[in-house]
Structures are given as structure tokens and as C-alpha cells.
Amino acid sequence: MSKGFENPSRVQFDPDGYATDTLALRAGQSRTPEGEHSDPIYPTSSFVFSSAREAAARFGGEEAGNIYSRFTNPTVRAFEERIAAMEGGERAVATSSGMAAILSLGLALLKQGDHVVCSRSVFGSTVSLFDKYLSRAGITTTYVDPTDLDDWRAAIGPATRMLFLETPSNPLGELTDIAAVAEIAHANDALLVVDNCFLTPVLQKPLALGADIVMHSATKYIDGQGRCVGGVVVGRQAEMEEVFGFIRTGGTCMSPFNAWVFLKGLETLPLRMRGHSESAQILAQWLEQQAGVERVFYTGLESHPQHSLACRQQNGFGGVLSFEVKGGRDAAWRFIDATRMISITGNLGDAKTTITHPATTTHGRMTPEDRARAGIRDNLIRVSVGLEDLDDLKQDLSLGLAQL
């Protein structure tokens, strides 16, 4: 018998052996007796039991089944199963946002006295979470150069329990050798967590390279159209059960409607990621030739210092690029303000191209010293390349170039 849904009585899709493109469409779907082709939404806060005995059995963990949508909902579960299959993880746990995913990881897997080693090139809110809030729970963080393996090794101490990085980094596209840092983490009995937001499982699979946990802001490419906020973590059953326990109690859960939107987003993710990457590559090469541009940061460029690493651990280069312009912050702002089609917003991963000034938006809450250490200068502009016509994008960016 062939695999899939050809037999109407086979209601559960078995993801084993399928490619990522197929998993993006099929994994996690369990058809009801109604035989629906699209994933249904279950917009309910609670679920009804057939008897008091059944209710007690479910609440007591003796019987599987839905209880309350804060921690059991079929739509959310379908999204979790699909992204877990795509990432190659045993289990996924969905959260209310990308930052909620990091918070849930920290509070579920770390305790007072534990130490985190984190790339200094991460999203500004990640730094704020570690420094301002997790520190209140007695969890300390040391920041390192994401590209320097010796820096990672030197920062680890007896209390280190987690290494955290995003690769490529936001917004400079710095890369970390995932396999090498995984070896460092495991040699010191620590977990490696990788933020895979920029590339998604279509272009990079950190778990296959040795990472223990992958997290996403589903708000970005997984949605792909800027509609909903959400997050997800993927890893082994043991760690994910702890994260699930925190979400069940702490309530950092994903709504059924958002989960349904993300399921629809995953269906087109492979096509979109290839389109984003193709356009970003062409625009990065074009920007390198413009007189007012001092430097372009994109891992697909041969001029990128880690281009060879990108070719080894990625299946593509993604849709986010950044570049420095001549003239400092004023010039960067003039460039951004001169565009007419591109959206000025801090979000990324959208089908529509977006542009922002990281030093005063996404990384604005970092101290000037921390931004300097992370290489985020006042003349830096980040562009998340969408799916518009390339000539139209060049024309709009040319309006900004004319201001330099």
C-alpha cells in the first residue's frame, strides 16, 4: 500500500522517510471522520468529557486526550508535530511568541546558580531577557564572539548548563559552526540551543548538526505574511516535557487560531524560502556595486568571511541582508525614508520586503557598548527581502541610494 492518505481509513500521516517539502504540507495532520482536506481549527477553551471518570483519568495523566487549550489543543498539536518533523526532532512545544519560547526554555531547563554562554550577536530582546529578567532568578550569562570557538570554550565554567546562539545572526549574518559548538557544549555537559529563525528547517537543520534544541519565532518566516505572533521549541522528548510542563503552568501557550495560521504558513515555506534566498542573493550582489554602500553583510556573498561555512552547514543563504552606508545615522535614516514601496518595520520574514535601522529599533534597548561589541553601527540598515519583482525592489532601494 502506498504511503499517505490514499486509503480513506488511514487518518494519521506517518512522516518517516519523507522530504522536508512534503512534511511541510502533510506532517501532523490527523483527519476527523468528516474527511476534511485542510487542517481544522479548534477554537475552544476547554473540552467535554463523557464521564467524571474520564475527566479524572485525563487530568491525572492516566488517559491521553484533550483537557484545556492552554496545554492540549488539536490545532496546536498539529503545528507542533509538523515543525518537529521538519526539524527532525522528537517533539515540539508551541509558545505565544519567540521570546516566550526563550523564556520558557530558560525557566524550564535552568535554575538558580546556573550559567549560560550566549553569542553576543543575538536579538536585542534576547539580551534583555537574559540580563534583566533571568538574572533575577539567579541565572547568569556570559557573552562571546559567535565566530570564535576559543571564546566559547573559555567562557564555560562548572555551572554552565546552556549555550545559546542564532546563526546567521541578526542583523549582521555572522555564523557559528554549529557542529563545533555542539561538541564543546556536550564535552561540558551543557545543552546547545540554536535560534533557527533566519533559515528555518528548509535551509538549515541544527539538530542534525548536533544541537540539542532548536527554537523559532514563528512570527517570521513560518507565518510568512506578518499576521500572527508565536514561537516554538523543538528537541528531545525529555527536555520538551520540561518545557511543556512550564507552559502548562505558566501559560505561555499558542492560541489555536495562530497555530492554524502557522500550519498554513508551513505549507508554502519551502517555496518562499527559496524565493527569498534567490532575490536576496541578487540584491546583495547589486548593493556591493553601489557607490554609497560601504559594506554588505550576506552569507551568500563570496566576500563574506564565513561563506565556506555557510555552504557547509546551510542549504541556502536566506532572505535577510544588511549593509552599511556612507554618512552615519543621518544617512541611514535618509535612505530608509526615501523608499516608497518597502515597508519600514522591525519585523522580518514577510512576503513583503521590510527595512529597518537596527541600532534604534530591534537592538535599540542594548547599551551603546553592547551594540558596539556586536558590530551594530549607526550606519547599518537591515533589509528582509520579500517576494516582489526584483526590478521594483532595485528601483525602490535606488531612491535611498540617491540620498547618500
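Under 1.5 on a/c is rounded, so check that first for the range 154-201, then, if it is not, pick prolate when a/b is larger than b/c and oblate when it is not; a ≥ b ≥ c are the square roots of the alpha carbon gyration tensor eigenvalues.
Working: a/c = 2.36, a/b = 2.08, b/c = 1.14.
Here the range 154-201 falls in the prolate category.
Give me the percent of DSSP beta bridges within the chain that run antiparallel, rounded to the nearest 5.
On the way: 24 of 43 bridges.
Of the beta bridges lying entirely in the chain, close to 55 percent run antiparallel.
Hey, in the GNM for the chain with a 10 angstrom Cα cutoff, which one of A259, A372, A100 fluctuates hardest?
Its mean-square fluctuation being the largest, the pick is A372.
Which residue, E241, E302, E324, tops the fluctuation ranking in a GNM of the chain built on C-alpha contacts under 10 Å?
Highest fluctuation of the listed residues: E302.
State, in angstrom, two size descriptors of the range 12-157 derived from its alpha carbons: Rg to one decimal place and Dmax to the nearest whole number.
In Å, with Rg to one decimal and Dmax whole: 20.1, 60.
Is the shape of the range 89-130 rounded, prolate or oblate, going by the alpha carbon gyration tensor and its root eigenvalues a ≥ b ≥ c, with a/c under 1.5 for rounded and a/b larger than b/c for prolate? Don't skip to the answer; put the middle values down first.
Values: a/c = 1.74, a/b = 1.22, b/c = 1.43.
Here the range 89-130 falls in the oblate category.
Would you list R26, R312 from fewest to most Cβ contacts within 10 Å?
Numbers: R26 18, R312 13.
The fewest-first ordering by Cβ neighbours comes to R312, R26.
If one computes P(r) from the Cα atoms of the range 220-262, what percent of pairs lie at distances over 17 Å? Let's see the in-between values first.
Details: 373 of 903 pairs.
Within the range 220-262, distances greater than 17 Å cover 41 percent of Cα pairs.
From the cross-link list K132/K352; K111/K205; K352/K394; K326/K394, which pairs have alpha carbons spaced over 23 Å apart? Spell out each step's value before the answer.
On the way: K132/K352 33 Å; K111/K205 28 Å; K352/K394 14 Å; K326/K394 19 Å.
In this structure, K132/K352; K111/K205 exceed 23 Å between Cα atoms.
Give the distance, in whole Å, between the Cα centre of the range 320-378 and the Cα centre of the range 180-216.
The range 320-378 and the range 180-216 have Cα centres separated by 27 Å.
For the chain, what does the helix formula give at 222 nm: sum of -39500 (n - 2.57) over DSSP H segments with n ≥ 4, over the residue count, nearest 500 deg cm²/dmol?
On the way: 14 runs with 151 residues, N = 404.
Result for the chain, helices only: -11000 deg cm²/dmol.
Hydropathy at least -1.0 by Kyte-Doolittle, axial extent at least 27 angstrom from the Cα trace: which helices of the chain, defined as entire DSSP H runs, fit?
On the way: long enough: 256-288 (44 Å, -0.02).
Length and hydropathy pass: 256-288.
Compare C311, C197, C118 in a GNM of the chain, Cα atoms joined below 10 Å, and give the one with the largest fluctuation.
Looking only at C311, C197, C118, the largest GNM fluctuation is found for C311.
For the range 244-363, what is the per residue volume of the convex hull drawn over the alpha-carbon atoms, in cubic angstrom? Write out the running numbers ahead of the final one.
Numbers: hull volume 19.7 nm³, N = 120.
For the range 244-363, the hull spanned by Cα atoms encloses 165 Å³ per residue.
How would you classify the range 19-68 from its alpha-carbon gyration tensor, with a ≥ b ≥ c the square roots of the eigenvalues: rounded for a/c under 1.5, else prolate if a/b is greater than b/c, otherwise oblate? Don't skip to the answer; put the middle values down first.
Working: a/c = 2.95, a/b = 2.13, b/c = 1.39.
Prolate is the answer for the range 19-68, as a/c is 1.5 or above and a/b outweighs b/c.
What area, in nm² and to one decimal, does the C-alpha convex hull of the chain cast on average over all directions? Before the final figure, lay out each step's value.
Values: hull surface 83.8 nm².
Directional mean of the projected Cα hull area for the chain stands at 21.0 nm².
Coordinate-derived values only; no laboratory data. What you are looking at is a predicted structure, and each value in this text was computed from that prediction instead of being measured. So basically every Cβ, Gly included, is an ideal-geometry build from the backbone, and we count neighbours across all protein chains shown.
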